[in-house]
Amino acid sequence: MQQVLPGKREWGIFYGLLAATVFTTYLAGGWMFSFSLLLILGSHEFGHYFASRRNHVRATLPYFIPAPPVFIAGTFGAFIRIQQRIPDRRVLMEIGAAGPLTGFVVAVPVLWVGLGMSTVTPGEAVTGLSFGGSLILELMARLVLGVSPFAEGLNIQLHPVAFAGWIGMFVTALNLLPIGQLDGGHVMSAMFPEKYPWLARLFYLFLFPLGYFWPGWWFWALMITLVGGLQPAPIWDATLELAPRHRRLGLVSMVIFVLTFIPVPFQVS
């Protein structure tokens, strides 16, 4: 099948949005933060893009979304748009898992290096905005800094590179929620097509009690409802069974979701 390469207009949009997002993320956290964060986000979306091209599925280039620097990171993330129906469950798994796996692989060394440049200070809990922890942050903080991010009487002052890694892990977890058009929805519907409908509803309903601890989960539930609801990506052939390597991709994706999930990402004290 002949591949359709991106045209000048699509490349122009790509570079224009990338340049705008470089600027806004630089204003939000400096050049090291901007480079680190866009490296993670770009790796995630290009993972989807190249998996789509490898499987002869038409998709746009990654589109970065700049945001006012007051929105902490200076970006609302990035996305690609699949332009045709997915052929079968194997392709759906490859495209769905490629983004978060690639982004995670890049985010791990970014977070590791960033934690090495961070500082640990004694003192009571600081007032203002604090960031929640995940299993991967707990593990890496103990390995790099020798302390737990949840230890009483200690504060970890994240370096901008570490903060970019933290955001990268958080974005990975958000995308791996097993709901609708999210990456996790693609992975779960490919892996468990019969069980997916009730699994998606269960995780979707779980967002509402979580919202009492962080209202952002209510906003995320609203966004999921507006962008396709709980429906999985449409595919041509739902009968083709997954190969063992595709099931391994699904299992690794689920492990990464558990490692990166943050129940309360932000907290004001």
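Whether any residue in region 51-64 is part of a helix (DSSP H, G or I), out of contact with any strand residue (DSSP E or B) (no Cβ under 6 Å at 6 or more places or on another chain) and over 18 Å from Phe79 (Cβ atoms) is what I want to check. Please lay out each step first, then the result.
Here is the first cut: in region 51-64, the ones part of a helix (DSSP H, G or I) are 51-54.
Then drop every residue that is not out of contact with any strand residue (DSSP E or B) (no Cβ under 6 Å at 6 or more places or on another chain), which leaves 51, 53-54.
This time we only want the ones that are over 18 Å from Phe79 (Cβ atoms), so: 54.
Within region 51-64, one or more residues are part of a helix (DSSP H, G or I), out of contact with any strand residue (DSSP E or B) (no Cβ under 6 Å at 6 or more places or on another chain) and over 18 Å from Phe79 (Cβ atoms).
Condition check ((1) part of a helix (DSSP H, G or I); (2) over 30 Å from Phe50 (Cα atoms); (3) at pLDDT 90 or above) across all residues:
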{"position": "Val110", "(1), (2), (3)": "yes, no, yes"}
{"position": "Arg142", "(1), (2), (3)": "yes, yes, yes"}
{"position": "Val171", "(1), (2), (3)": "yes, no, yes"}
{"position": "Gly180", "(1), (2), (3)": "no, no, no"}
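Where residues in region 40-73 are among the small types (Gly, Ala, Ser) and within 16 Å of the chain's Cα centre (by Cα), which of them is surrounded by the most Cβ atoms within 10 Å (Cβ to Cβ)?
Here is the first cut: in region 40-73, the residues among the small types (Gly, Ala, Ser) are 42-43, 47, 51-52, 59, 67, 73.
If we keep only those that are within 16 Å of the chain's Cα centre (by Cα) too, we end up with 42-43, 47, 73.
Numbers: Gly42: 19, Ser43: 20, Gly47: 25, Ala73: 22.
Of everything passing the filter in region 40-73, Gly47 is surrounded by the most Cβ atoms within 10 Å (Cβ to Cβ).
Can you pull out every residue in region 216-232 that is assigned to a loop (DSSP other than H, G, I, E, B) and either among the hydrophobic types (A, V, I, L, M, F, W, C) or more than 19 Å from the chain's Cα centre (by Cα) (or both)?
Result: Val227, Leu230, Gln231.
Matching residues to (1) modelled with pLDDT under 90; (2) buried (at least 18 other Cβ atoms within 10 Å of the Cβ); (3) not aromatic (Phe, Trp, Tyr):
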{"site": "Leu202", "(1), (2), (3)": "no, no, yes"}
{"site": "Leu205", "(1), (2), (3)": "no, no, yes"}
{"site": "Gly211", "(1), (2), (3)": "no, no, yes"}
{"site": "Trp217", "(1), (2), (3)": "no, yes, no"}
{"site": "Gly229", "(1), (2), (3)": "yes, no, yes"}
{"site": "Ile235", "(1), (2), (3)": "yes, yes, yes"}
{"site": "Pro244", "(1), (2), (3)": "no, no, yes"}
{"site": "Phe257", "(1), (2), (3)": "no, yes, no"}
{"site": "Ile262", "(1), (2), (3)": "no, yes, yes"}
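I'd like to check something: does region 162-169 contain any residue that is at pLDDT 90 or above, within 27 Å of Leu27 (Cα to Cα), in a helix (DSSP H, G or I) and touching an Asp or Glu at 6+ places or on another chain (Cβ under 6 Å)? Break it down stepwise before answering.
Residues of region 162-169 that are at pLDDT 90 or above, as a first pass: 162-169.
From what's left, within 27 Å of Leu27 (Cα to Cα): 162-169.
Okay, now just the ones that are also in a helix (DSSP H, G or I), so 162-169.
With the extra rule that they be touching an Asp or Glu at 6+ places or on another chain (Cβ under 6 Å), the set shrinks to none.
So far as region 162-169 goes, no, none of its residues is at pLDDT 90 or above, within 27 Å of Leu27 (Cα to Cα), in a helix (DSSP H, G or I) and touching an Asp or Glu at 6+ places or on another chain (Cβ under 6 Å).
Of the residues Glu94, Glu138, only one is closer than 30 Å to Pro232 by Cβ and in a helix (DSSP H, G or I); which? Please lay out each step first, then the result.
Values: Glu138 fails: closer than 30 Å to Pro232 by Cβ.
Criteria check complete, one pass: Glu94.
Out of everything in region 233-269 that is in a helix (DSSP H, G or I) and of a type outside the set (A, V, I, L, M, F, W, C), what residue ends up being farthest from Gly168 (Cα to Cα)? Even if it seems obvious, please write down each step before you answer.
Restricting attention to region 233-269, the residues satisfying the condition of being in a helix (DSSP H, G or I) are 244-260.
Filter once more, so that each one left must be of a type outside the set (A, V, I, L, M, F, W, C): 244-248, 250, 253, 260.
Details: Pro244: 28, Arg245: 25, His246: 24, Arg247: 24, Arg248: 23, Gly250: 20, Ser253: 15, Thr260: 9 Å.
Among them, the one singled out is Pro244.
Is region 28-38 home to any residue that is at pLDDT below 95, outside any strand (DSSP E or B) and touching a Gly at 6+ places or on another chain (Cβ under 6 Å)?
yes
Answer yes or no as to whether Val161 is within 17 Å of Ala73 (Cα to Cα), of a type in the set (Val, Ile, Thr) and touching a Gly at 6+ places or on another chain (Cβ under 9 Å). Spell out how you get there, then give the answer.
Details: within 17 Å of Ala73 (Cα to Cα): yes; of a type in the set (Val, Ile, Thr): yes; touching a Gly at 6+ places or on another chain (Cβ under 9 Å): yes.
Spelling it out, Val161 is indeed within 17 Å of Ala73 (Cα to Cα), of a type in the set (Val, Ile, Thr) and touching a Gly at 6+ places or on another chain (Cβ under 9 Å).
The values are calculated or read from the model by the stated rules, or taken from the named source; none is laboratory data. What you see is a predicted model; the values in this text were computed from it and never measured. Note that we place each Cβ from the backbone using ideal geometry, even for glycine, and neighbour counts take in every protein chain shown.
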